[in-house]
1. For Ala166 and Gln242, FRET efficiency with R0 = 22 Å and r from the beta-carbon atoms, rounded to 0.05?
2. What does the C-alpha gyration tensor say about the overall shape of segment 19-116? Classify as rounded when a/c is under 1.5, otherwise prolate if a/b is larger than b/c, or oblate.
3. Expected output is a single nm value to one decimal: the length gained when fully extending between Gln177 and Arg51, i.e. 0.36 nm times separation in residues minus the C-alpha distance. What is it?
4. Farthest toward the dipole's positive end in segment 31-140, which of Gln90, Gly66, Ala133, given Cβ charges of +1 (Lys, Arg) and -1 (Asp, Glu) about the Cα centre?
5. What is the spin-label model distance, in nm, from Glu213 to Glu252 if the labels are put 7 Å beyond Cα along the C-beta direction?
6. Just need the relative contact order of the chain here, percent rounded to a whole number, with Cα pairs under 8 Å and 6+ apart.
7. Using the count of nearby Cβ atoms within 10 Å as a rough guide to exposure, how do Thr63, Thr152 rank from fewest to most?
8. Which one of Ser106, Leu53, Leu122 has its Cα pushed farthest toward the positive end of the charge dipole of segment 31-140, where Lys and Arg give +1 and Asp and Glu give -1 at the Cβ?
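Please treat every number below as a calculation from the coordinates, not as lab data. Computed from a predicted model, the values in this text were never measured in an experiment. All Cβ positions, even for glycine, are placed from backbone atoms using ideal geometry, and neighbour counts span all protein chains on display.
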Amino acid sequence: MSETKHEAIGAYYHTLFSAWGRQHWWPAQSRFEVIVGAYLTQNTTWTNVERALGNLRKARLLTIRGVRRTPQSKLEQLIRPAGYFRQKAQRLKTFVSFLDERYGGSLVRMFARPTAELREELLALNGVGPETADSILLYAGNHPSYVVDAYTRRILERHQIISSAASYDEIRQLFEQALAAIAANAQQSQAHGTVHLATRPRGSSHPPSAVSEVTRPPVVQVFNEMHGLLVGVGKNYCLKSQMRCDACPLREFLPTSKIPENRELKIAGLKNVD
Ligand code: SF4
């Protein structure tokens, strides 16, 4: 059964990547910007995060030094658009204090830690749950740690690949194992210069950025793309209150018993419809 699940996840990856190509996650100019974004995106939309990041950038404070030297009250005002601004400002300060005390303020030193050990350290920080820790590890640190979010869980549950009781780590390990073979093949393809990269901006893709264009180990690149691709499905088709299966690139994989009776047939106006 587990092999079947792995095969299904592999097939989802190939289908989505063929349809939408690279997603260019994470949209940021620096690794620290990824970390700040990972904190700010908790319980809010990315649009609000962008407004908060824009304020920090405009004030030239979107740096480790900037967060370190800025009084918390000023930080709170700058990140206010992202909501829970007092809590988030405190958490950003806590992260920078951790970085200073444990790694002399160096992200290079921090990310040189083995993945599992650094993951435990991040999880011990106030306000860092598994999704935030894995976002930091994967997107800022290029560590092979898969990010599981609500979209991923919803899609897998609807496709009967996991139960509603599945734990975060269970899902994370499922993806990490399933995508390992794809990464190995990608490595071979890269060696021969034959990696297929569709260029159409689909799914939840972002414009290329300094962080998204970094060369990563194949396994990290595949984890990176898969998470972005599933966000694209969750945002555009597999909504919380509506399943737009008829237009969804994953429709061929939906178990027959799960096809909704009142399927969304109106696709006009939908963005990113295949
Ligand atoms: S919209 Fe339908 S086909 Fe697409 S992922 Fe959700 S349940 Fe599957």
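1. Values: r = 23 Å, r/R0 = 1.04.
Result of the calculation: an efficiency of 0.45.
2. On the way: a/c = 1.76, a/b = 1.02, b/c = 1.72.
Oblate, since a/c reaches 1.5 and b/c is not below a/b.
3. Working: separation 126, 0.36 × 126 = 45.36 nm, distance 3.64 nm.
Roughly 41.7 nm would be gained on extension.
4. Ranked along the dipole, the leading option is Gly66.
5. With each label placed 7 Å out from Cα toward Cβ, I get 3.4 nm.
6. Working: 351 pairs, mean separation 79.0, N = 274.
It rounds to 29 percent for the chain.
7. Numbers: Thr63 16, Thr152 23.
Going from least to most buried by this count: Thr63, Thr152.
8. Farthest towards the positive pole: Leu53.
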